[in-house]
Amino acid sequence: MALLSNQARPFGHLRVVLFAVILSLVGAASAYSQTKQSPTPPPPEPPSVNKPDSPLADFGSPESEMRARVALKAEKKQYDENLARAREASQLATQLVEGYEAKKVFSSEDSKKLERLEKLTKKIRNEAGGSETDADVKDIPELMESAVKQIGELADDLRKQVEKTPRHVISASVIDQANKLLGLIQHLRENGR
C-alpha cells in the first residue's frame, strides 16, 4: 500500500498544479473582460452629410435648395420658350393663310415663313417628347388653298394644345398634331415650288 500511495502522490501534485493553472487562466480572463472598456458607438453623422443611397440625402441643405430653384427656373424658362414658339408658329400660319388668300401663290417671303414654321414645329415636337422622324400625313387636301387653310387650323390647334399641356407632361396629342403640321408643311414646300 505504501507503494500505491507514493505513486498516487505525483499525480496528486499534477492535479493540484493543473487545477491552479486553469483557475488562474479563468480568473485572468474574467478580470480582463471586466477591465476592457465596452466599445462606444460612433457619434451620429451631422444631417448635412450626403449619403448616396438616401432619397433625402440633401434635404434641407442650402446647396440643394439652390440647385432645385435653379432647375425649376430652367424648366420654367424652357416651357415659356416652347409656349412662345407655339404662339409664333400660329401667327406665321395665320400670315401664310392671309398671304395665300390675297395672292393665290407663295412669295419668297412666304417660303421663308413656311421654313421658319417648320423649324418651330420641329422644336415644339421635340420639346413635347417626339423624335426626329419624318412626318407622315394621310389626309392631305388636293387643293393648295385647302392645304394652306389646314396649316392655319393645325398651327392654331397646336398652340392651344401646348398652352393646355403642363410642363412636366409628355403629350402624345402635341406630338401627333406637330407631326400632322410638319407633313402638311413639307407637302406645301414640295408642291409650292
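Matching residues to (1) on the phi > 0 side of the Ramachandran plot; (2) in contact with a Ser or Thr (Cβ under 9 Å, 6 or more places away or on another chain); (3) at pLDDT 85 or above:
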| position | (1), (2), (3) |
| --- | --- |
| Val49 | no, no, no |
| Ala57 | no, yes, no |
| Met66 | no, no, yes |
| Leu83 | no, no, yes |
| Glu118 | no, no, yes |
Since Val148 meets every condition but one in (1) hydrophobic (A, V, I, L, M, F, W, C); (2) at pLDDT below 90; (3) touching a Gly at 6+ places or on another chain (Cβ under 7 Å); (4) assigned to a helix (DSSP H, G or I), which condition does it not meet? (3)
Of (1) in contact (Cβ under 8 Å) with a residue 40 or more places away in the chain; (2) farther than 15 Å from Asn179 by Cα, Gly130 satisfies every one except (2)
Just checking, does region 71-80 include any residue being among the small types (Gly, Ala, Ser) and not in a loop (DSSP other than H, G, I, E, B)? yes
For Asp53, are the conditions met, namely being surrounded by fewer than 10 Cβ atoms within 10 Å (Cβ to Cβ) and either modelled with pLDDT under 70 or closer than 30 Å to Asp176 by Cβ (or both)? yes
Can Lys103 be described as closer than 29 Å to Lys77 by Cβ and without any contact (Cβ under 8 Å) to a residue 12 or more places away in the chain? no
Please determine, by comparing only the residues of region 90-136 that are more than 34 Å from the chain's Cα centre (by Cα), assigned to a helix (DSSP H, G or I) and among the basic types (Lys, Arg), which one is surrounded by the most Cβ atoms within 10 Å (Cβ to Cβ). Lys113
Here's a check for you: in region 151-193, which residue that is in contact (Cβ under 8 Å) with a residue 24 or more places away in the chain, of a type in the set (D, E, K, R) and not in a loop (DSSP other than H, G, I, E, B) is surrounded by the fewest Cβ atoms within 10 Å (Cβ to Cβ)? Glu163
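The values are calculated or read from the model by the stated rules, or taken from the named source; none is laboratory data. What you are looking at is a predicted structure, and each value in this text was computed from that prediction instead of being measured. Cβ: placed from backbone, ideal geometry, glycine included. Neighbour counts: every protein chain shown.
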